[in-house]
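Undergrad: Here you go, one structure.
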Amino acid sequence: MGQSNNKGQDEFRTAVTMTVVWVAGLTLVVIFAALFAGLWLDKILDSKPLFTIVLVLVSIPVTLFLTFRVVRAATARIQPAIKKDVTEEEPHRGEDS
C-alpha cells in the first residue's frame, strides 16, 4: 500500500514538474517571438519602439491564455489517475487486516 502511494505521489510530482516546464518554455518562446518580431518590424518600417512595445504587450494575454490551456490539459490528465486510486482503495476501507 505504501509503495502504490509513493508511486502515485511520484507520478503527480512528475506531472506537475512537466507542466511547470511546459509553461515556462511556452512563456519564453512567446515573449521572445514577440520581442524579435517587434524589433524586426520596427527595423523594416523604421518605427523604432512602436511594434516592439505593442507586440510585447499583446504577448502578455496570449501567454496567460496559453498557460491556462496547458494547466487545464495537465489537470485533466492528472485527475483521472487520482480518481482511479481512490476508487481502488474504497472497497478495502471497511475491512480489517
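None of the figures in this text is laboratory data; all of them are computed from the coordinates on show. Since this is a predicted model, take the numbers as computed values, not measurements. Every residue, glycine among them, receives a Cβ derived from its backbone with ideal geometry; neighbour counts consider all protein chains shown.
Undergrad: Please give the peptides 24-30, 6-12 ranked by average Cβ packing (other Cβ atoms within 10 Å per residue), highest first, as a rough proxy for protection.
TA: Ranked from most to least packed, the peptides come out as 24-30, 6-12.
Undergrad: Follow-up. Could you work out the Rg to Rh ratio of the range 2-81, with Rh taken as the Kirkwood radius (inverse of the mean 1/r over all Cα pairs)?
TA: Over the Cα atoms of the range 2-81, Rg/Rh equals 1.26.
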